[in-house]
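Okay, so here's the structure we're looking at.
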Amino acid sequence: MEDLHSYAHSIEVRPEDTDELGHVNNVAYLRYVEDVARAHADSVGMTFEAVTRLGAVPVVRRHDITYHRAGTVGDRLEVSTVIERGKGVRWLRRNDVRRGSELLAHAVTEWVWIDPETRRPKRLPSAIENAFGFGEEE
């Protein structure tokens with residue numbers, strides 16, 4: 001069975017991703033983490049438009065990021081994400097940013113699912129849970 005809980009893609013560090021020291025800026029790492037989450041959702045058919053139609057969209061509640069090594073312009077990075085089942089309306093994603101075998105950053109992001117109209121937390125429709133492999137059989 002396909003692992004729908006995880007996803008990874010590669011990116012190249014651009015000049016605008018770096019700070020005055022030539023290192024990947026902390027804000028860029030957060031963007032990488034959010035981008036891989038969106039790409040993951042898109043890959044299972046849960047685009048922003050799709051989840052909006054289903055009545056629940058994810059928003060970040062908290063990022064916890066640890067930096068291990070610096071990335072620089074031109075580096076090819078792999079950004080990976082794994083969803084862990086959360087309680088209620090919350091999901092945790094564990095994310096790694098790597099240059100080859102080197103871990104550059106590790107982030108844990110807490111996402112909360114909300115109703116796009118009321119902006120209040122909302123329990124997920126089963127179609128979203130199933131798309132990410134969190135169906136009733138688990």
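Since every read-out is calculated from the coordinates, none of them should be taken as a lab result. Predicted, not measured: the structure shown is a model, and the values here were computed from it. Cβ placement follows ideal geometry from the backbone for every residue including glycine, while neighbour counts extend to all protein chains displayed.
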Starting from the Cα-Cα distance between Glu49 and Asn25, subtract it from 0.36 nm times their residue separation and give me the gain in nm to one decimal.
5.7 nm
Per the helix-only calculation at 222 nm, which mean residue ellipticity applies to the chain, given -39500 (n - 2.57) for every DSSP H run of n ≥ 4 and division by its residues, nearest 500 deg cm²/dmol?
-6500 deg cm²/dmol
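Which values, in whole Å and largest first, are the semi-axes of the equivalent ellipsoid of the chain obtained as the square root of 5 times each eigenvalue of the Cα gyration tensor?
Ellipsoid half-lengths, sorted descending, are 29, 16, 13 Å.
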For the chain, built as a Gaussian network whose Cα springs stay under 10 Å, the top-fluctuating residue of Arg85, Arg38, Arg119
Arg119
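Report, in debye and to the nearest 20, how large the dipole of the range 6-131 comes out about its Cα centre when Lys and Arg carry +1 and Asp and Glu carry -1 on their Cβ.
660 debye
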When the expected Rg is taken as 2.2 N^0.38 Å, what fraction or multiple of it is the alpha-carbon Rg of the range 57-138?
1.32
From the phi angles alone, apply the Karplus equation (6.51, -1.76, 1.60; θ = phi - 60°) to the range 28-40 and give each ³J(HN,Hα) in whole Hz, x where the residue is Gly or Pro.
5, 4, 5, 5, 4, 5, 5, 5, 5, 5, 5, 4, 4
